[in-house]
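Heads up, the thing below is written out as structure tokens.
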Amino acid sequence: MGSAEFLCFEIGHLNNRTQFFICSAGVFFFFLLYGCFQELIFTFEEFRPYGWYLTFMQFCYYTVFSYLETRFRGDTSRKIPLRVYVILALLTVGTMGFSNASLGHLNYATQVIFKCCKLIPVLVGSSLIQRKKYTVLDYIAAALMCLGLIFFILADSKMSPIFDTLGLIMISIALLFDAIIGNVQEKEMKRHKASNAEVVLYSYSIGTLYILLYLLISGEFVPAFDVCIKVRYCSYFANFI
């Protein structure tokens, strides 16, 4: 069996089915935990306009954690050119920033439904960027997801008190960036044989500078910081989790 790790623990000695179960359970667990705390943050009305500041905090945490992981693994040499990371960082900022900002205009359920439908733009992006081929069944599944999304939006627009067109535009832009970044990352990681930790470290550290520059120019940094001080437990701590 080949080498495989989960949260820095070696699981390569386990059979493939057990590895799949552990990794799948980990994805569901951390996704649910992430969703609960993100929704908790946006229950505070004062914080709703500051989705970009939330993204800034996330990028800071990701940078620190990925730096510690690269040092722990001894993965200190950069393999992907810096000019590529400049582009990857911009795409990462776009997909996370617009996604978080959309929560000021959509309820959390709608945002999650959209994010779950990222398969559709990613499928199209991989066909254009990596020239991948897909079966008719794949396209049918994507079309059914689109159909389900349409019905959900029609119902949600009439029932939800937090639903507007600007939020839909923001989350759609986030999905567009998502379609590009996933394929570009995969292509560059295979080409240069780079680790996940390296990609996260450079993408998010450069992205942190992008967002900080935007927050300072737009004047959002100080008021967002003040709001986070008032609800520090449900902002900084929840974001950390």
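A few remarks follow.
- Listed by first and then second residue, the pairs with beta-carbon distance under 6 Å, at least 6 apart or on different chains, first residue in the stretch 43-70 and small (Gly, Ala, Ser), second crowded, with 19+ Cβ neighbours inside 10 Å and not in a helix (DSSP H, G or I), are Gly51/Leu103; Gly51/Gly104.
- Gln185 being within 23 Å of Tyr34 (Cβ to Cβ) and modelled with pLDDT of 80 or more: yes
- Boolean, Leu7 is open to solvent by 90 Å² or more (accessible area, probe 1.4 Å) and either in contact with a Ser or Thr (Cβ under 8 Å, 6 or more places away or on another chain) or modelled with pLDDT of 90 or more (or both): no
- Condition met for Gly94 (modelled with pLDDT of 85 or more and either under 15 Å from the mean Cα position of the chain (by Cα) or of a type in the set (D, E, K, R) (or both)): yes
- Cβ separations smaller than 8 Å between residues 6+ apart or across chains give the following pairs from the stretch 111-135 residues that are modelled with pLDDT of 70 or more and of a type in the set (Gly, Ala, Ser) to residues that are surrounded by fewer than 17 Cβ atoms within 10 Å (Cβ to Cβ) and outside any helix (DSSP H, G or I): Ser126/Lys132; Ser127/Lys133; Ser127/Tyr134.
- Lone qualifier among Leu176, Leu212 - being at pLDDT below 90, open to solvent by 50 Å² or more (accessible area, probe 1.4 Å) and touching a helix residue (DSSP H, G or I) at 6+ places or on another chain (Cβ under 8 Å): Leu176
- Selection status of Glu69, closer than 24 Å to Lys190 by Cβ and acidic (Asp, Glu): yes
The values are calculated or read from the model by the stated rules, or taken from the named source; none is laboratory data. From a predicted model like this one, the values you see are computed outputs, not experimental measurements. No Cβ is skipped: glycine too gets one built from the backbone with ideal geometry, and neighbour counts run over all protein chains shown. The protein model used for the area step is the full one, side chains on, heavy atoms only, and it has no ligands, DNA or RNA in it. Shrake-Rupley method; radii C 1.70, N 1.55, O 1.52, S 1.80 Å.
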